[in-house]
Ligand code: 5CA
């Protein structure tokens, strides 16, 4: 993309309505624009990152054997009356009537709808296990929408639902989700710690939230610092293996890590003092096992091996896809702007032309652009007739991990400058070497060109 032809409405001033850094930077970098409280338009740069995050989520869900699908945002109230949640959900649910005076609602989650699909089409244990998921807009009429996309009213969420014959099988699905979530967040450059949590309006006994540590997080968390040493890394895992998934769950949840809702001070005090941490975190996902809560209420049964009909065991599992943009920025920025991890960056590499209009500089930039594009990457070429300082400030603000700077002086010696946004370090390289290096970096983060 050439910046002169893109839509990137960056703001020079700090917007006064933004209280936390991620919200401020998303507005300043022209990623989002509020349309009403807690509801945003996703401008091109924000949309690009949203789609990158979404594609990592899809990739890891499909790898875990989960099946993508899509359900509507508008749902009939009748299903929710069956489960008893139409009344129970309270004012967070946005309710409306259609022209026939029927009660409708904008989906805050989709346990009822997926259970209805299941009961219409599945009647035998032979069709289990089954896990389906969607990535879809949700609406919750939050009492205090704030911090930009972090706590929106309309937000983008991955929600997945497992159906199993036994509790044991459903717990394997739970563990499988935990593993897939660890992989998902790490690919986005995040450490998200699974913490024992409270199940709230979703219901159920077993639940973990995934928290990214950040001072601006809305949740107070208590943990043993040993949990932050754990990384999933690039280990291979067989998602069908009960032992392997169980092993990962035990490894990542056996140390103390809880949100304030489940915190137990007496247990916490048994951790050696130097490892005790009280901090704040951003909840970027949650997994639930709730047994037969919905299948009982809605008659979702299957015929078991013995011929008897039994309600299926279920769980649901969510990732806050739009919230993740905020969480990633909270975890990865400096005083100049965003520092995108390679896995989610909107463009792979910036190209800054120090002397637009100079024949050689223009030609060198065009060549770099063509070479990066031919290698499957998505460069952003700042081809505006602006001074260098302004161009650098924009690149730093929007946070592309790599920048190639091209100017007549360097070109005389056959070099351009390759700069890492994270470290600020630069090196002079031939244009070919610079391209090679950037291409090599992204071999490890194959997210494709995106939108
Ligand atoms: N049905 C279950 C699992 S699919 C569910 O709805 N879980 S949830 O309530 O925990 O939501 C899943 C994730 O969505 C949360 O972990 C959080 O990251 C994100 N989320 C929830 N509410 C909001 C909100 N108002 N704004 C942005 N993200 C949100």
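Assorted remarks:
- Fewest-first ordering of 40, 125 by other beta carbons within 10 Å of each residue's beta carbon gives 125, 40.
- Helix 431-443 and the long axis of the chain differ in direction by around 10°, with both axes built from C-alpha atoms.
- C-alpha long axis of helix 44-63 to longest principal axis of the chain, angle in °: 50 degrees
- Nearest 10 degrees, 0 to 90: helix 111-121 Cα axis against the chain principal axis: 70 degrees
- The residues 294, 442, when put in order of fewest to most other Cβ atoms within 10 Å, stand as 442, 294.
- Gain upon complete extension [residue 16, residue 430; 0.36 nm per residue less C-alpha separation]: 144.7 nm
- Counting every pair of alpha carbons in segment 349-444, the share spaced more than 17 Å apart comes to 44 percent.
- For the chain, the alpha carbon positions stretch 81, 59, 42 Å along the principal axes, listed from largest to smallest.
- Least to most buried among 95, 421 (fewest other Cβ within 10 Å first): 95, 421
Laboratory data are not the source of any read-out in this text; all were calculated from the coordinates shown. Since this is a predicted model, take the numbers as computed values, not measurements. Note that we place each Cβ from the backbone using ideal geometry, even for glycine, and neighbour counts take in every protein chain shown.
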